[in-house]
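Input: a single structure, listed below in structure tokens.
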Amino acid sequence: MGQVHANGQPIDIGIAMQAAEWLTTLMSDEATATDKEAWRHWHDANPDHARAWQHIERVSGQLRHLDGHAARQALTQRPVSRRKAVNLLLWLSGIGVVGWSGLRSTAGQSMLADFSTATGEQRSFTLADGSQLDLNTDSAANIRYSATQRRVELIKGELFIATAAEQTPVQRPFFVETLQGQALALGTRYSVRQQDDRTMVVVEQGAVKLTPRHGSDSLIIQAGQRAAMSADNVLPVQTATADDWGWRKGQILADGMPLRDFLLELSRYRKGLLGCDDSVAGLRISGVFPLADTDAILLSLSDSLPVQLRFRTRYWVQIEATRPS
């Protein structure tokens, strides 16, 4: 995290965190008179406390003014959400508030997401209706269930959904929403990946109806198929491959994959930068690569390809052609 400032001057990170914690406490419905009195003692005990409080309260005031619903979600929910609120407020304080557009960015939305994973992390969740949600690396999603629908908002990354059949008379539709449109489940097990300018959907079981956000036509894809969707249309349907499901087994499955594409995929699971020289980018690689140890994957490349690794730093690795000895 960057240096936190209050009123233009650096402030101790511990004091900034205390201020953010007090704010989440006082804005919740659980705050008692004792809490308020304790806050007053803390506030008056040190000029830096008052300065940090003034700044963090101003930041939260901007959040409430620009989007009250999101701000209340960020600042008043259960403890795990309150910790997210502290991080959010400190993040905004550290970089300077430049408007609500920062929070509307993918990074800001991910920070407030109901479910998220870090780089290299994969997690599974059981939703309120019994549906199973698996999140791949560096992913984030919100769950928006109502009396009429079951909606999952994929903010970034990739997820897999095994939808549960509802036991109530009202059968609510289940769909995943992305930047490009929505993928409606039709008795389904399927994955959805948010890419820069398109959504990729792969169906394992059942069928999925894809509806672009701005397009007029929908398309149903069946089990064993995959299709990409832009905001305007659905691209041609393809046959799903084992590569599409490797991540759920903690693996990258490569079958003649160009090295540049392989490194791009591997970089999703590893912090830092991975790159290769143009001279080796088109080399083909095949195999099953366990994602638990990305260093081991990199070191194994020279066993099957005429390449060598250059570690500029631990987190910046460049793949080059093997030099003649």
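Just so it is clear, none of the values below were taken in a lab; they were calculated from the coordinates. Values in this document were obtained by computation on a predicted structure and should not be read as measured data. Cβ coordinates were reconstructed from backbone atoms using ideal geometry, including for glycine residues, and neighbour counts include every protein chain displayed.
I need the full set of residues from region 211-226 which are among the hydroxyl-bearing types (Ser, Thr, Tyr) and surrounded by 15 or more Cβ atoms within 10 Å (Cβ to Cβ), in order please.
Thr211 - this is the single residue of region 211-226 that is among the hydroxyl-bearing types (Ser, Thr, Tyr) and surrounded by 15 or more Cβ atoms within 10 Å (Cβ to Cβ).
Of everything in region 158-194 that's within 16 Å of Trp247 (Cα to Cα) and among the polar types (S, T, N, Q), which residue is surrounded by the fewest Cβ atoms within 10 Å (Cβ to Cβ)?
That would be Gln194.
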